[in-house]
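The values are calculated or read from the model by the stated rules, or taken from the named source; none is laboratory data. Quick caveat: nothing in here was measured; it's all calculated off a predicted structure. In this analysis, Cβ positions are derived from the backbone assuming ideal geometry, glycine residues included, and neighbour counts consider all displayed protein chains. Areas reflect the complete protein model, heavy atoms only, side chains present, ligands, DNA and RNA absent. Shrake-Rupley method; radii C 1.70, N 1.55, O 1.52, S 1.80 Å.
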There are 2 protein chains.
Amino acid sequence: MRIAVVAPSCTLKREAAEAVQAIVGRRGDCELIVHPQCFLLEGHFAGPDAARLAALRDVMADPTIDAVWFARGGYGSNRIAEAAIMDLPEAAATKVYLGYSDAGFLHAGLYNQGLRVAWGPMPQDVLRDGGEAAVSRALDWIVRRDPQALEPALDGPAMAFNLTVLSNLLGTPLEPDFTGVDLLIEDVGEHLYRIDRSMFHVTASAAIQKVRRLRLGRIADVLPNDPDFGADEAFIVEQWCTRSGIPFGGRADIGHDAANRVVPFPTESR
Amino acid sequence: MRIAVVAPSCTLKREAAEAVQAIVGRRGDCELIVHPQCFLLEGHFAGPDAARLAALRDVMADPTIDAVWFARGGYGSNRIAEAAIMDLPEAAATKVYLGYSDAGFLHAGLYNQGLRVAWGPMPQDVLRDGGEAAVSRALDWIVRRDPQALEPALDGPAMAFNLTVLSNLLGTPLEPDFTGVDLLIEDVGEHLYRIDRSMFHVTASAAIQKVRRLRLGRIADVLPNDPDFGADEAFIVEQWCTRSGIPFGGRADIGHDAANRVVPFPTESR
């Protein structure tokens, strides 16, 4: 099992790459190929758009690579996602693509092309408290589809997205077909008024109203609201579900933390 | 000329209301009716949704009111905008509706119903440095349609929106028809990566791609980007215009500041 790491958003920290290589070495059941592009830095990004795109296209086209693991989130994968899914090489369809947060733009585009994608921990997560467990969980799923790695209440087709990323891909060519899926959302580093605004936007979308249920992961590192917002994230999300007629399916075990679980996107008829 | 002030988003400061009343008193060409709802406070908002909606509907239905002036921005008008435009009373069509920022959700919805709306300074702006000029500019336009108040390069049908508000109303029932308009945008208090992400989202929208041109107002109080983003707001906006094929129409004299000008939405065939 050969796993390639590329960074379509922001730069991977070298100490994270080294720590994950050490974990992989101890496991002995896979090989990790960290693309040098991961360490590029140009402004906000892990190198210019062209370099991030080229690295991703490289590993997608490589028939010896079994999985593409996005190094980390941040911001930037939307800038290359449409180009990444054009004229796909045959080898692109033989792999799985794992990541979360900003990688959602790629998840959506790759899923639209019939590729196998999954939400789950990324290499840079090794630097979190308990990060080795997060990385091991991702590898357990990549290498042997360990069901212990999965979000525990998955029940039928599901997708997972960062709420703000989801809001920003609606109406773009990356928008996937949400019909009948359980949609798991989470967010990090937002004010509650922004969570409320994103929920307004997302639940008003005709595309989103086709989901089976909406489930709420963790809303972490909420920024202070002045004055206090007056409601918590569960109340906000349930209220917008009620207003839009989308069934609320309860909490979900995903988030920007070491406990984040794997959510494979639907593969039926793929 | 009777001008009603309501607060569909956040609470108006009493000292702002008093300062604007003083300006109106000195002018002697209009009367300002500040709805008591403006001073309500419930969590983030100027009172519960029901109170903000009722105040807005009150003044919309009042045939003695010539203009509805939104007290200030913040967040919250999206929560009542769809209800505000249902079963419109006849008197709603005889007025003009002025404001900006979060009021964009209402602008869009009211415009869709054929009402006359305009982007422009709000009562709370009186508290800014140079705020009396901003408020006087808005009143000059409300009372006598003073062309000096207008954004100076307006040339044909135009709309103005806060970029983040615009991003959050696309695909909702509030989305207006942008065909052939000059679209003026501005923003405040965002990181540049968020401006880039919102520009991706907005320019990828089929609805937005119908504009004649996109013009860039001020991007104020930009939050620090770590690392430095690597491009300024003008580069970001022009780049997304180029990528999406939307003509870039240069800078615009609007923003979250005392220099903010008035941009009336199209009224042809209305």
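Quick one: B:Val126 ticks every box in (1) open to solvent by 50 Å² or more (accessible area, probe 1.4 Å); (2) over 25 Å from B:Ala83 (Cα atoms) except a single one, so which number is it?
Exception for B:Val126: condition (1).
For region A:43-79, name all the residues that are under 17 Å from B:Arg197 (Cβ atoms) and surrounded by fewer than 21 Cβ atoms within 10 Å (Cβ to Cβ).
A:Gly43, A:Asp49, A:Gly74
Tell me, which residue of region A:218-227 that is in contact with a helix residue (DSSP H, G or I) (Cβ under 9 Å, 6 or more places away or on another chain) and of a type outside the set (A, V, I, L, M, F, W, C) is farthest from A:Ile254 (Cα to Cα)?
A:Asn225
From the set of residues in region B:187-214 that are within 11 Å of chain A (Cβ to nearest Cβ) and part of a loop (DSSP other than H, G, I, E, B), which is nearest to B:Ala108 (Cα to Cα)?
B:Ala207
If A:Gly217 satisfies all but one of (1) surrounded by 18 or more Cβ atoms within 10 Å (Cβ to Cβ); (2) more than 8 Å from chain B (Cβ to nearest Cβ); (3) within 21 Å of B:Gly171 (Cβ to Cβ); (4) small (Gly, Ala, Ser), what's the number of the condition it fails?
Looking at each condition in turn, A:Gly217 falls short on (3).
Any residue at all in region B:222-244 that's part of a strand (DSSP E or B), out of contact with any Lys or Arg (no Cβ under 7 Å at 6 or more places or on another chain) and closer than 22 Å to B:Ala153 by Cα?
The answer is no; no qualifying residue exists.
Return the only residue of B:Ile33, B:Ile3 being surrounded by fewer than 24 Cβ atoms within 10 Å (Cβ to Cβ) and more than 14 Å from every other protein chain (Cβ to nearest Cβ).
That would be B:Ile33, the only listed residue that is surrounded by fewer than 24 Cβ atoms within 10 Å (Cβ to Cβ) and more than 14 Å from every other protein chain (Cβ to nearest Cβ).
Looking only at residues that are in contact with a strand residue (DSSP E or B) (Cβ under 7 Å, 6 or more places away or on another chain) and assigned to a loop (DSSP other than H, G, I, E, B) in region B:13-48, which one is nearest to A:Asp226 (Cα to Cα)?
B:Pro48
Mind listing just one residue for me: the one in region B:80-93 that is open to solvent by 10 Å² or more (accessible area, probe 1.4 Å), hydrophobic (A, V, I, L, M, F, W, C) and in contact (Cβ under 8 Å) with a residue 24 or more places away in the chain and, of those, nearest to A:Ala231 (Cα to Cα)?
Restricting to residues being open to solvent by 10 Å² or more (accessible area, probe 1.4 Å), hydrophobic (A, V, I, L, M, F, W, C) and in contact (Cβ under 8 Å) with a residue 24 or more places away in the chain, the top hit is B:Ala83.
Going by what's in this entry, would A:Val96 be described as crowded, with 24+ Cβ neighbours inside 10 Å, within 21 Å of A:Arg145 (Cβ to Cβ) and β-branched (Val, Ile, Thr)?
no
(1) more than 15 Å from B:Pro264 (Cα to Cα); (2) touching a strand residue (DSSP E or B) at 6+ places or on another chain (Cβ under 7 Å); (3) buried (at least 24 other Cβ atoms within 10 Å of the Cβ): which one isn't true of B:His107, the others all being true?
Condition (1) is where B:His107 drops out.
Is it the case that B:Asp221 is without any contact (Cβ under 8 Å) to a residue 40 or more places away in the chain and on the phi > 0 side of the Ramachandran plot?
On the way: without any contact (Cβ under 8 Å) to a residue 40 or more places away in the chain: yes; on the phi > 0 side of the Ramachandran plot: yes.
Here the answer is yes, as B:Asp221 does meet what is asked.
Out of everything in region A:49-88 that is assigned to a loop (DSSP other than H, G, I, E, B) and among the aliphatic types (A, V, I, L, M), what residue ends up being nearest to the chain's Cα centre (by Cα)?
The selected residue is A:Ala71.
Is it true that B:Ala19 is open to solvent by 30 Å² or more (accessible area, probe 1.4 Å) and within 14 Å of another protein chain (Cβ to nearest Cβ)?
no
Give B:Ala138, B:Ala134, B:Ala153 a once-over and let me know the one that is modelled with pLDDT of 95 or more and either in a loop (DSSP other than H, G, I, E, B) or out of contact with any Pro (no Cβ under 8 Å at 6 or more places or on another chain) (or both).
The unique qualifying residue is B:Ala153.
Against the conditions (1) part of a helix (DSSP H, G or I); (2) within 14 Å of chain B (Cβ to nearest Cβ); (3) closer than 26 Å to A:Gly74 by Cβ, where does A:Phe178 fall short? Just the number, please.
(1)
For A:Arg116, are the conditions met, namely being crowded, with 17+ Cβ neighbours inside 10 Å and within 14 Å of another protein chain (Cβ to nearest Cβ)?
Judged against the criteria, A:Arg116 is not a match.
Residues checked against (1) open to solvent by 10 Å² or more (accessible area, probe 1.4 Å); (2) in contact with a Phe, Trp or Tyr (Cβ under 6 Å, 6 or more places away or on another chain); (3) within 22 Å of B:Asp146 (Cα to Cα):
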| residue | (1), (2), (3) |
| --- | --- |
| B:Val188 | yes, no, no |
| B:Arg194 | yes, no, no |
| B:Thr203 | no, yes, no |
| B:Arg213 | yes, no, no |
| B:Pro224 | yes, no, no |
| B:Phe235 | yes, no, no |
| B:Gln239 | yes, no, no |
| B:Gly255 | no, no, yes |
| B:Val262 | no, yes, yes |
